[in-house]
Amino acid sequence: MRYLAAKTAREAAEALAAEAGVTRVLAGGTDVLVQMKAGLVEPDLVVDIKKIPGIATITPEAGGFRVGAAVPNSVLGEHEGVRTLWPGVVEGANLIGSTQVQGRCTMAGNLCNASPAGDAVPGLVAANAVARIAGPDGERDCPVADIPAGPGKTTLKKGEVITSILLPARPARASDAYLRFIPRTEMDIAVASAAVSLELNADGTVKAARVVLGAVAPTVVVADAAGKALVGTKLDDDTLAKMAAACEAVCRPIDDKRGTVAFRTKTAGTLAKRAALIAYARAGGSK
């Protein structure tokens, strides 16, 4: 196995593209190193991206924030600007692992690990976040929603690596929330999860809504009908019931020892309702 501490994104991309064998990108390492230790993967090349200038920083951009791919989630959780603008995104990222893991793990790494239950991903998708990707042919921007392709699979091409994620600007009367269900009290993998992002009109009705579910399909699911059900309302009980039903309708979970299809489906709708109410209150709505 060869190890490369890339000094630029271009160097990382070219090295990954040129390697004929198995490659892995190292940022926090909380997935890659565990997989290597367990013998699940034996890379021919590991490219460390932490030394690339700016890749471990959070910078304001166009009213939002650009989060470097190597920014630890503990740093993200302490950033007042990001917490204020996108609290649900931070909630999801800060649920990954223990305190020690939080000091290393990253949102970009959670995205690229491509677990359907990844806690950082639903919030990013609900936020319409955009990943900046470096490749052998240069840079491109891609919505985070278009990156997961299935368990352990992404749409990234050979040689491509995410260098940052842009959390966009949003109006004053807007906010988000993320919730998950786990069998234990902490440090577990989501059985079902939901992220909701809302924008409100001046009268407190919902102007726009985006509902995203995790751990109930091979990738995160954008529940378009659920979001549309909230628009024009103040989240009355009938509206929330319709939204939950719309969430349940798009679930495609599996049965396993951690949860049945029926349980995951019902739980996803319930979590979406609760997350919507939290996001609504955060956005300044009152019932």
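Some observations on this one:
- Segment 8-54: C-alpha gyration tensor shape, a/c 1.5 cut-off, then a/b vs b/c: oblate
- Note on segment 152-261: Lys pairs 8 or more places apart or on different chains, Cα atoms under 16 Å apart, count 4.
- Residue-span extension gain [Ala18 to Arg274] - 0.36 nm each, minus C-alpha spacing: 87.4 nm
- Estimated FRET transfer efficiency (Gln35, Thr155; beta-carbon r; R0 22 Å; 0.05): 0.60
- Counting protein heavy atoms only, segment 55-167 has 53 percent of its accessible area on carbon and sulfur, 1.4 angstrom probe.
- Stretching Asp236 away from Lys51 to a fully extended chain increases their span by 61.6 nm, per 0.36 nm per residue minus the current alpha-carbon distance.
- Among Leu167, Leu4, the order of accessible area from largest down is Leu4, Leu167, computed with a 1.4 Å probe on protein heavy atoms.
- Counting heavy atoms of the protein chains alone, Met187 has an accessible area of about 100 Å² for a 1.4 Å probe.
- Of all DSSP bridge pairs formed entirely within segment 1-158, close to 60 percent run antiparallel.
- Segment 183-260: relative contact order in percent, alpha carbon pairs under 8 Å with at least 6 residues between: 26
- Positive-end residue, the chain charge dipole about Cα centroid, Cβ charges, pick of Leu240, Val144, Val250: Leu240
- Simple label model, 7 Å out from Cα along Cβ direction - Ala245 to Thr8, nm: 5.8
- For segment 174-282: accessible area per residue (Å², 1.4 Å): 45
- Centre-to-centre separation between the Cα atoms of segment 240-258 and those of segment 79-145: 23 Å.
- Solvent-accessible area, 1.4 Å probe, carbon plus sulfur percent, for segment 182-280: 55
- About its Cα centre, the dipole of segment 1-110 is roughly 160 debye, where the only charges are +1 on Lys and Arg Cβ and -1 on Asp and Glu Cβ.
- The dipole here belongs to segment 174-282: it is taken about the Cα centre, uses +1 on the Cβ of Lys and Arg and -1 on the Cβ of Asp and Glu, and is about 180 debye.
- Computed from the C-beta positions of Cys142 and Val261, the FRET efficiency with R₀ = 41 Å rounds to 0.85.
- Across Glu14, Glu42, the residue with the most accessible area heads the list, and the full order at a 1.4 Å probe is Glu42, Glu14.
- Exposure of Arg10 as accessible area (Å², to 10), given a probe of 1.4 Å and all protein chains: 140
- Helix-only CD estimate at 222 nm, as mean residue ellipticity for the chain, using -39500 (n - 2.57) per DSSP H run (n ≥ 4): -9000 deg cm²/dmol
- Gain on full stretching of the segment that runs from Asp224 to Ala62 - 0.36 nm per residue minus C-alpha separation: 55.7 nm
- When you restrict to C-alpha pairs under 8 Å that are six or more residues apart and normalise by the size of the chain, the relative contact order lands at 16 percent.
- Segment 89-191: C-alpha gyration tensor shape, a/c 1.5 cut-off, then a/b vs b/c: oblate
- Compactness of the chain - radius of gyration and Dmax, Cα, Å: 18.8, 60
- Evaluated over segment 174-282, the Cα radius of gyration and Dmax, each in Å: 13.5, 46
The values are calculated or read from the model by the stated rules, or taken from the named source; none is laboratory data. The structure displayed is predicted, hence computed values, not measured ones. Cβ coordinates were reconstructed from backbone atoms using ideal geometry, including for glycine residues, and neighbour counts include every protein chain displayed. We work out accessible area using only protein heavy atoms, side chains counted, and drop any ligands, DNA or RNA first. Shrake-Rupley method; radii C 1.70, N 1.55, O 1.52, S 1.80 Å.
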